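Chemist: Input: one structure, supplied below.
The values are calculated or read from the model by the stated rules, or taken from the named source; none is laboratory data. Since the model is a prediction, treat every value here as computed from it, not as a measurement. Please note: Cβ atoms are built from the backbone with ideal geometry, for glycine as well, and neighbour counts cover all protein chains shown. Please note that ligands, DNA and RNA were not included when accessible areas were found on the heavy atoms of the full protein model with its side chains. Shrake-Rupley method; radii C 1.70, N 1.55, O 1.52, S 1.80 Å.
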Amino acid sequence: MQLARVIGEVVATRKDENLTGLALLLVQPLNADRQPAGRPLVAVDAVGAGRGEYVFFVRGKEASFPYYPAEPPVDAGIVGIVDHWDVG
Amino acid sequence: MQLARVIGEVVATRKDENLTGLALLLVQPLNADRQPAGRPLVAVDAVGAGRGEYVFFVRGKEASFPYYPAEPPVDAGIVGIVDHWDVG
Amino acid sequence: MQLARVIGEVVATRKDENLTGLALLLVQPLNADRQPAGRPLVAVDAVGAGRGEYVFFVRGKEASFPYYPAEPPVDAGIVGIVDHWDVG
Amino acid sequence: MQLARVIGEVVATRKDENLTGLALLLVQPLNADRQPAGRPLVAVDAVGAGRGEYVFFVRGKEASFPYYPAEPPVDAGIVGIVDHWDVG
Amino acid sequence: MQLARVIGEVVATRKDENLTGLALLLVQPLNADRQPAGRPLVAVDAVGAGRGEYVFFVRGKEASFPYYPAEPPVDAGIVGIVDHWDVG
């Protein structure tokens, strides 16, 4: 999974019907020093993350697991809100 | 999912028969500032996106979900047209 | 999917038996300006592409779909030959 | 799989319920010279790896195999602790 | 699939039990000019590749296909030994 910060939200009226009602958050992947690393992604949110929070997200079909038996067409999903991480 | 802009279209007469009838759009991934980031991809389109529109697409087998029970051999598919996104 | 050009062929006598009889082509991914982008890959070919042709290929398990019910261990497969693409 | 070193731990109280009880380790991918290569990831641990140890991890749904029949939403998992590797 | 050269071996006593007995080789991805491209990976070997040999490997769950019905948690596997490739 990847450390990231929630930096925004995406509003999309026209979308696949299986995405209806899912929060579409913009997340910025981070390195271990909390610096941005790579480009932002759009992720669904299964844990109630808010803007500015540090999270980790999962990529691939696994992102849809929290919505089972629904199978929304997603490839990135927030699965945890980070209290803290420590390194060294 | 990845933010992107529809920049063109791919025409292919000879292709896997399960791709017949599917729009093959050229999409340019974007960063949060709407600047190009990385190289363009060919994506199928399940939501009727037009050239110049801002969209988000999903990667992997999930791209074929909107066509179920058909299983076209695709790995990128537009699943939403972005009204706007906000950051900060 | 990714735009690419067929630049060569790979000959391998010793290989997984499920690859027997499949063409193994070397493809160079391209950006929208037909310039090389990233390193070449080995892809199977389900559409009869020849050297020098512009194609698009799919990544992941989807690359094995055209061979169903066989399941060759492949992760990249050419699924279309490009007539042309246009951008702008 | 990717060579890596365990460099820390992630603490997350609010997370997908299927992650409960799983160790969430921060791993730094390495090149063959044991130098960091790319950004750290959060990986689950199926083999009891400790901080500072050299490991290899698997990406994708395969990371959840050790937990079967549970299917935690993970995309990176440590599956081996490296005694040593040799090159040349 | 990716062209690579077998550059070493990884020894791991403590590992997922489904990896027992599988050769864990260190492979260096190559570009078409046989120059290293990107960082080495740990791959299982289904075709008896030896150190120094040129091979191609598959990524993702496909890497476990040669071991079916066993499902080792692997994401990279050598599926062919290259006799030669030609470009141009």
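Chemist: Rounded to the nearest 100 Å², what is the buried accessible area between E and C, both sides summed, probe 1.4 Å?
Modeler: 2300 Å²
Chemist: Do you know the relative contact order of chain B, to the nearest whole percent, from alpha carbon pairs under 8 angstrom that are 6+ apart?
Modeler: Once divided by the residue count of chain B, the mean separation gives 30 percent.
Chemist: Then there is this: State, to one decimal in nm and shortest first, how far the label point of D:HIS84 sits from each corresponding label point in the other identical copies (label point: 7 angstrom along Cα-to-Cβ).
Modeler: With the label placed 7 Å along Cα→Cβ, D:HIS84 yields 3.8, 3.9, 6.2, 6.2 nm.
Chemist: Right, next: Sequence neighbours fewer than 8 away in the same chain don't count; with that in mind, list the lysines whose C-alpha is under 20 Å from D:LYS15.
Modeler: Correct list for D:LYS15: A:LYS61, D:LYS61.
Chemist: Any idea of the accessible area per residue across the protein assembly as shown, 1.4 Å probe, to the nearest Å²?
Modeler: Spelled out: the 1.4 Å probe surface of the protein assembly as shown, per residue, equals 39 Å².
Chemist: Also, quick follow-up: Given labels modelled 7 Å from the Cα in the Cβ direction, how far is it in nm from B:GLU9 to D:LEU22?
Modeler: Calculated label separation equals 4.3 nm.
Chemist: Please work out the ratio of the alpha-carbon Rg of the protein assembly as shown to 2.2 N^0.38 Å and round it to two decimals.
Modeler: Computed over Cα atoms of the protein assembly as shown, the ratio equals 0.94.
Chemist: How large is the dipole of chain E about the Cα centre if only Lys and Arg carry +1 and Asp and Glu carry -1, each at its Cβ, rounded to the nearest 20 debye?
Modeler: Computed charge dipole of chain E: roughly 260 debye.
Chemist: Then there's this: Only Cα pairs within less than 10 Å get springs; with that Gaussian network setup on chain E, which residue of E:ALA76, E:ALA43, E:ALA12 has the largest fluctuation?
Modeler: Comparing E:ALA76, E:ALA43, E:ALA12 in a Gaussian network model of chain E, the most mobile one is E:ALA12.
Chemist: Which FRET efficiency, nearest 0.05, do E:ARG34 and A:ASN31 yield, Cβ-Cβ r, R0 25 Å?
Modeler: Computed FRET efficiency for E:ARG34 and A:ASN31 comes out at 0.20.
Chemist: Further question on the same structure: At A:ARG51, with labels set 7 Å past Cα in the Cβ direction, how many nm apart are the copies from this one, shortest first?
Modeler: Distances to the matching label points in the other copies: 3.5, 3.5, 5.7, 5.7 nm.
Chemist: Another question, then. Let me spell out the model: positive unit charges on the Cβ of Lys and Arg, negative unit charges on the Cβ of Asp and Glu, origin at the Cα centre of the protein assembly as shown. What dipole size does that give, in debye rounded to 20?
Modeler: 880 debye
Chemist: Now for a different question. How long are the semi-axes of the equivalent ellipsoid of chain A, defined as square roots of 5 times the Cα gyration tensor eigenvalues? Whole Å, largest first.
Modeler: Semi-axes, largest first: 23, 14, 11 Å.
Chemist: Cα centroid distance between the stretch B:31-50 and the stretch E:49-88, in Å?
Modeler: 32 Å
Chemist: Could you work out what % of the accessible surface of the stretch A:2-81 is carbon and sulfur, using a 1.4 angstrom probe and leaving DNA, RNA and ligands out of the count?
Modeler: 46 percent
Chemist: To continue, here is another question. Using θ = phi - 60° and the Karplus relation 6.51 cos²θ - 1.76 cosθ + 1.60, list the HN-Hα couplings for the stretch A:31-42 in order, rounded to whole Hz, with x at every Gly or Pro.
Modeler: Computed from phi, the couplings for the stretch A:31-42 are 8, 5, 8, 6, 8, x, 9, x, 8, x, 10, 9 Hz.
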